[in-house]
Amino acid sequence: MTTDANVAPHNLGFLLVPEFTLLAFSSAIEPLRMANHISGKELYRWSVISDDGGEVCASDGIRLAADYGIEDEVKFDTIIACGGVDIDRNYHKQTLRWLSRKARSGVTMGGICTGSYLLAKAGLLDDYLCTIHWEHLAGMREEFPLIKSSDHLYCIDRDRLTCSGGTAPMDMILNVIGMEHGKTLSAAISEMFVYDRMRDCSDLQRVPLKHRIGNAQPKLQEIVALMEANIEETITLDELAGYVGLSRRQLERLFQKHLSCSPSRYYVNLRLLRAQQLLKQTGLSIIEVATACGFVSTPHFSGCYRTFFGFPPRDERASNAG
């Protein structure tokens with residue numbers, strides 16, 4: 001999108017679902033406001049939508065007034081559904097029909113926090129790469145097998161924008177602003193918000209292990225906690241097994257059964273994910289990152305990194321610098 005003053009602002013409608021998450025909604029709105037402020041132009045315009053045009057109560061009890069109801073005829077370029085608690089019960093069928101109608105008219109559709117569930121329920125995410133808050137990932141994959149669900153912080157796939165909760169919508173909207181009006185503007189917004197690093201669409205949500213495997217495997221949770229606490233000075237598998245009173249063979253069976261990989265592979269992956277964070281968030285050299293993540297040599301680290309992420313660590317550092 002051009003910043004020409006004669007071009008109409010990009011008009012966004014935020015559909016608030018009862019018990020929506022206020023933090024996620026605010027994280028999406030504020031970058032738009034700051035884009036207008038810093039540029040000195042009305043690049044973006046936004047409105048709040050509810051089912052009936054009345055106020056909507058957030059999950060924290062704060063009520064927000066809507067500008068429009070779904071029956072009002074308003075032209076939007078983008079519509080973003082903002083979800084929160086009990087999303088599977090806090091919607092109406094007419095809302096799904098409205099979302100479908102807007103999508104057919106060519107409107108870009110989005111969902112933040114659990115708002116992606118509504119898009120999926122309306123059939124708007126089939127064959128799209130999308131994400132949702134980690135608490136709902138497993139259920140999303142089970143209920144909607146045609147979607148390409150991801151555990152990334154956010155996904156931008158053609159005319160679909162989906163995002164997890166918390167502050168992740170800020171990263172997604174900053175990325176959109178950067179694509180439409182340049183990275184200089186998105187970086188300036190980030191600086192105004194004292195936001196240290198804009199996360200990109202390759203960043204993953206941190207899904208708690210207990211949510212992935214349940215609470216019935218305390219020894220597995222303890223072993224992973226030990227791995228996470230010993231990234232630079234790694235612990236042998238025999239030592240890990242001994243800490244929780246298992247044999248090495250029992251340890252290996254436990255990981256294969258519940259995490260579908262060997263404990264050594266899981267440990268290496270943890271260290272590589274930590275290395276990615278350091279490459280993106282610090283000025284440490286690649287050699288220093290390799291050492292900090294328990295790799296005995298830079299070539300070994302680079303080879304493991306390329307295998308896991310699909311590109312070498314130097315490319316990660318270069319893309320982050322750009």
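With the other protein chains left in place, how much accessible area per residue, in square angstrom, belongs to the chain at a 1.4 angstrom probe?
49 Å²
So what are the ³J(HN,Hα) numbers for region 83-98, from phi and the Karplus equation (6.51, -1.76, 1.60; θ = phi - 60°), rounded to whole Hz, Gly and Pro as x?
x, x, 7, 6, 4, 5, 10, 9, 8, 10, 4, 5, 5, 5, 5, 5
Please turn the phi angles of region 267-278 into ³J(HN,Hα) values with the Karplus equation 6.51 cos²θ - 1.76 cosθ + 1.60 (θ = phi - 60°), one per residue in order, whole Hz, x for glycine and proline.
The phi angles translate into 5, 4, 4, 4, 5, 5, 5, 5, 4, 4, 4, 5 Hz.
Semi-axes of region 122-214's equivalent ellipsoid from the Cα gyration tensor, sqrt of 5 times each eigenvalue, largest first, rounded to whole Å?
26, 17, 8
For a test of understanding, tell me how many lysine pairs in the chain have Cα atoms under 20 Å apart, given they are 8 or more places apart or on different chains.
Lysine pairs, 8 or more places apart or on different chains, close enough: 10.
Tell me the label-point distance for the pair Ala65, Lys183, using the 7 Å Cα-to-Cβ offset, in nm and rounded to one decimal.
4.2 nm
Roughly speaking, what is the centre-to-centre gap between region 86-107 and region 166-191 when only Cα atoms are used, to the nearest Å?
27 Å
Can you compute the helix-only [θ] at 222 nm over the chain? Use -39500 (n - 2.57) per DSSP H run of at least 4 residues, normalise by all residues, nearest 500 deg cm²/dmol. Could you put the intermediate results ahead of the total?
On the way: 14 runs with 151 residues, N = 322.
Value at 222 nm, helices only: -14000 deg cm²/dmol.
Loop-only trypsin sites (Lys or Arg not before Pro) in region 92-154, please: DSSP not H, G, I, E or B, and at most 13 other Cβ atoms within 10 Å.
Answer by residue number: there is no such site.
Measuring from label point to label point, each 7 Å out along Cα→Cβ, what is the Leu146 to Arg206 span in nm?
Each label point is offset 7 Å from its Cα along the Cβ direction, giving 3.6 nm.
What full-extension length gain, to one decimal in nm, is calculated for Arg158 and Glu73 as 0.36 nm per residue of separation minus the Cα-Cα distance?
Difference between extended and current length: 28.1 nm.
Spelling out what I want: for every residue of region 126-132, take phi, set θ = phi - 60°, compute 6.51 cos²θ - 1.76 cosθ + 1.60 (Karplus), and round to whole Hz; glycine and proline get x.
Those phi angles translate into 4, 6, 9, 7, 8, 9, 7 Hz.
How large a share of the accessible area of region 1-119, in percent, is made up of carbon and sulfur atoms when the probe is 1.4 Å and the other protein chains stay in place?
In region 1-119, the share of accessible area belonging to carbon and sulfur is 47 percent.
If one takes the longest principal axis of the Cα atoms in the chain, at what angle in degrees, from 0 to 90 and to the nearest 10, does the Cα axis of helix 183-192 lie?
For helix 183-192, the angle is close to 80 degrees.
If you take every DSSP beta bridge whose two residues both sit in region 91-162, what share of them, in percent to the nearest 5, is antiparallel?
Of all bridge pairs located within region 91-162, approximately 35 percent are antiparallel.
Amide H to amide H, which residues 5 or more places from Gly111 or on other chains are under 5 Å from it, using H placed in the peptide plane?
It is Ala81, Leu161, Thr162, Cys163, by chain and number.
Given points 7 Å out from each Cα along the Cα-Cβ axis, report the Val85 to Ser105 separation in nanometres with one decimal.
3.3 nm
The values are calculated or read from the model by the stated rules, or taken from the named source; none is laboratory data. If you're wondering where the values come from, they're calculated on a predicted model, not measured in any experiment. Reconstructed Cβ throughout: ideal geometry from the backbone, glycine too, with neighbour counts over all protein chains shown. Keep in mind that these areas ignore ligands, DNA and RNA; they rest on the heavy atoms of the full protein, side chains included. Shrake-Rupley method; radii C 1.70, N 1.55, O 1.52, S 1.80 Å.
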